[in-house]
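Below is one structure; the comments refer to it alone.
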Amino acid sequence: MNRPTLSLIAAAAALAAVTGFAALTAPGGPDAPDADAAARLPVERSSLLCPAPSTSDLAETTYTSFTPAGGGSAGSAKAGTAQLMPSVSSLAAPDADKPKKDDEKDTEQDADQDQDTDTAPKDPAADKPVVSVKEPGKPAAGTATGAEAPALIGAAEGRLAPGWAAQQTTTVTVGGARGVLGVSCTPPDTDFWFPAASTAKERQDYVHLTNPDDTAAVVDIELYGPEGALKAEAGEGIPVPAKSSVPVLLSTLTGTAAADVTVHVTTRTGRVGASVQAMDDKAGSDWLPASADPAGSLVLPGVPADATSARLVAFVPGQDDADLKVRLAGPTGSFTPASAENLHVKSGMTTSLELKDVTKGEVGSLVLTPAEGRRATPVVAALRVTRGTGVKQEVAFIPAAGPVGERATVADNRAKGSVLSLVAPESTVKVKVTASAGTEAGAQAVETYTVKAGTTLKVQPPVPAGLKGSYALTVETESGGPLHAARTLELPEDGIPMFTVQTLSDDRGTVAVPRAVQDLSVLDD
């Protein structure tokens with residue numbers, strides 16, 4: 001092949017790479033778009049993971065899945081899918097630890113047993129979705145009972161992917177796991193921080209690790225108490241098989257009993273979903289979601305008005321100590337709680353602050369910022385909130401949450417018992433709240449609210465007309481910001497104020513896609 005031909009081929013390849021197979025702009029036509037400008041397009045695939053809901057035979061679990069309307073690509077020809085599927089159960093053989101009776105005679109028998117296991121019929125339910133969304137704007141629900149309900153692995157594609165959200169809500173009325181345990185199903189990741197966990201004797205805290213992929217993941221769990229890192233060699237190199245979920249009891253990783261512990265979950269290989277299930281013998285139980293990424297300023301939204309106590313737990317992952325100013329953003333403005341103006345958090349040590357009944361009968365949100373004259377040091381934080389007293393108390397957790405951004409959704413709202421907390425820590429925000437159709441019946445409803453700077457607005461969210469079943473709430477920032485939000489779901493039982501709190505963060509339903517433009521100058525020598 002001669003040299004001119006090679007040059008022509010190279011030029012054509014370079015042109016295709018630069019233009020990204022886009023149509024060339026004709027001479028005299030409109031100017032090419034700015035190469036630095038990126039278009040925001042709907043995502044085409046989303047993943048969500050829900051942990052195994054409970055170890056109680058009396059557990060009643062509801063799953064709600066929802067995709068907001070209007071988020072999909074207009075050019076999408078297919079309706080798409082959004083399904084939550086059961087994870088694979090433990091792959092360890094039930095009798096793997098049993099010694100053989102006769103090592104010299106059982107080789108053939110073992111081979112026959114292995115063959116029988118490999119060819120055994122599968123549970124038909126394992127191949128069926130627990131919940132499947134059919135169309136944007138209409139939630140779908142499913143249920144499970146008892147302690148055998150597995151973790152769920154979910155995927156959404158096409159026009160059902162942008163903004164896809166799911167929640168599992170479990171009710172246990174008696175026993176050590178009593179309470180309402182609510183958790184938003186989360187996308188897989190490689191790094192998680194959980195302040196406000198515990199290895200105390202009265203607590204049983206499990207970190208649930210769920211692997212959505214076709215290959216095994218390897219996970220490390222580090223624990224940090226008030227005096228620093230806790231020895232936890234058993235937390236190193238934990239294998240999580242493909243498409244499976246593994247619960248790890250925190251107290252088995254260390255011999256130290258600590259009331260306040262920060263848990264750090266990272267993956268060596270692969271990715272997982274991670275949530276901490278906290279069970280207190282006296283105060284009930286709930287899920288502790290991961291804190292927002294370490295940051296110099298944090299917002300913990302939606303402390304209930306009737307909270308009888310609130311315990312703030314904070315941790316500094318880096319090498320520098322942090323000095324934080326603690327404020328409560330209430331209905332009329334922000335103030336510093338009595339005797340809690342500043343919080344000093346030593347590097348590598350879990351620090352707690354008892355705020356008691358900080359809200360004083362009015363809903364509020366904690367805002368943590370660098371103390372005056374101090375530089376910002378990244379921290380993570382969470383609140384342990386209690387309602388009620390004595391044997392009639394119930395506990396929930398509020399982690400530091402990222403902003404709502406353009407849009408955020410929380411599923412599984414009921415006709416009664418849902419409370420929305422909207423927080424504007426810096427400037428006034430105009431907010432649009434959309435109540436979806438119901439899982440069985442009901443018409444969409446929309447309301448608009450204004451949240452003044454430095455305040456928390458308590459909202460009884462709109463309820464769909466003719467509602468049957470549950471529904472989803474979508475929160476959108478229309479102007480101002482940033483906005484933070486949380487939803488409290490109250491399900492009282494026998495005089496116990498059982499409840500759970502879910503924070504709302506940007507659903508990342510869109511992604512920035514750089515525009516490709518022609519640049520023929522790269523062809524010049």
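The values are calculated or read from the model by the stated rules, or taken from the named source; none is laboratory data. The shown structure was predicted, so the numbers you read here are calculated from the model rather than taken from an experiment. Heads up, the Cβs are rebuilt from the backbone with ideal geometry, glycines too, and the neighbour counts pull from every protein chain shown. Heads up: the accessible areas ignore ligands, DNA and RNA and are worked out on the full protein's heavy atoms, side chains in. Shrake-Rupley method; radii C 1.70, N 1.55, O 1.52, S 1.80 Å.
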* Structure fact -> Checked pairs for segment 249-267, first in contact (Cβ under 8 Å) with a residue 12 or more places away in the chain, second acidic (Asp, Glu), C-beta under 6 Å and 6 or more apart or across chains, list as Leu250/Asp205; His264/Glu222; Thr266/Asp191; Thr266/Asp220
* Complete set of residues in segment 253-296 that are farther than 16 Å from Ile398 by Cβ, assigned to a loop (DSSP other than H, G, I, E, B) and hydroxyl-bearing (Ser, Thr, Tyr) -> Thr254, Thr256
* Asked: Do we find that Asp320 is over 27 Å from the mean Cα position of the chain (by Cα), touching a residue at least 24 places away in the same chain (Cβ under 8 Å) and either outside any strand (DSSP E or B) or at positive phi (or both) in this structure?
  -> yes
* Take segment 163-180 and flag every residue that is over 16 Å from Gly273 (Cβ atoms) and assigned to a strand (DSSP E or B). => Thr169, Thr170, Thr171, Val172, Gly179, Val180
* With the condition kept exactly as written, say whether any residue in segment 93-108 is open to solvent by 50 Å² or more (accessible area, probe 1.4 Å), at pLDDT below 80 and touching an Asp or Glu at 6+ places or on another chain (Cβ under 9 Å). => yes
* To do: Could you tell me which numbered condition Arg311 fails, if it satisfies all but one of (1) open to solvent by 40 Å² or more (accessible area, probe 1.4 Å); (2) outside any strand (DSSP E or B); (3) not acidic (Asp, Glu)?
  => (2)
* Kindly check whether there is at least one residue in segment 437-451 that is open to solvent by 20 Å² or more (accessible area, probe 1.4 Å), of a type in the set (D, E, K, R) and in a strand (DSSP E or B). => yes
* Structure fact -> Exception for Leu328 within (1) open to solvent by less than 30 Å² (accessible area, probe 1.4 Å); (2) at positive phi falls at (2)
* Which residue, of Ala232, Ala165, Ala216, is closer than 30 Å to Thr351 by Cα and among the small types (Gly, Ala, Ser)? -> Ala232
* To do: May I ask you to list the residues in segment 361-374 that are surrounded by fewer than 24 Cβ atoms within 10 Å (Cβ to Cβ), assigned to a loop (DSSP other than H, G, I, E, B) and touching a residue at least 24 places away in the same chain (Cβ under 8 Å)?
  => Gly361, Glu362, Ala371, Glu372, Arg374
* Test set (1) open to solvent by 20 Å² or more (accessible area, probe 1.4 Å); (2) modelled with pLDDT of 95 or more; (3) more than 22 Å from the chain's Cα centre (by Cα) - Thr455 fails condition number -> (1)
* Asked: Here is a list of conditions, (1) open to solvent by less than 30 Å² (accessible area, probe 1.4 Å); (2) touching a Phe, Trp or Tyr at 6+ places or on another chain (Cβ under 9 Å), and Pro212 meets all of them except one; can you say which number that is?
  -> (2)
* Could you tell me whether Ala305 is assigned to a loop (DSSP other than H, G, I, E, B), among the aliphatic types (A, V, I, L, M), open to solvent by 10 Å² or more (accessible area, probe 1.4 Å) and more than 23 Å from Thr488 (Cβ to Cβ)? => no
* **Number of the condition not met by Ala258 [criteria: (1) buried (at least 20 other Cβ atoms within 10 Å of the Cβ); (2) in contact with a Pro (Cβ under 7 Å, 6 or more places away or on another chain); (3) farther than 16 Å from Ala200 by Cβ]** => (3)
* Structure fact -> Reported set for segment 227-249 where residues are part of a loop (DSSP other than H, G, I, E, B) and surrounded by 14 or more Cβ atoms within 10 Å (Cβ to Cβ) is Ala232, Pro241, Ala242, Lys243
* Asked: When you look at Thr199, is it of a type in the set (Val, Ile, Thr), over 12 Å from Arg271 (Cα atoms), open to solvent by less than 60 Å² (accessible area, probe 1.4 Å) and modelled with pLDDT of 95 or more, yes or no?
  -> yes
* Structure fact -> Scanning segment 261-297 residue by residue, those within 23 Å of Gly364 (Cβ to Cβ) and open to solvent by less than 10 Å² (accessible area, probe 1.4 Å) turn out to be Ala278, Ala283, Gly284, Asp286, Trp287, Leu288
* To do: Find all pairs meeting these conditions: Cβ atoms under 7 angstrom apart; at least six residues apart or on different chains; first residue within segment 389-402 and farther than 26 Å from Val299 by Cβ; second residue polar (S, T, N, Q) and modelled with pLDDT of 95 or more.
  => Thr389/Thr308
* **Within segment 471-515, tally of residues that are part of a loop (DSSP other than H, G, I, E, B) and more than 19 Å from Thr428 (Cβ to Cβ)** => 12
* What residue, among those in segment 173-196 that are farther than 14 Å from Arg268 by Cα and surrounded by fewer than 19 Cβ atoms within 10 Å (Cβ to Cβ), is modelled with the highest pLDDT? -> Pro187
* Qualifying positions in segment 450-489 - without any contact (Cβ under 8 Å) to a residue 60 or more places away in the chain, of a type in the set (D, E, K, R) and closer than 21 Å to Gly70 by Cα -> Glu478
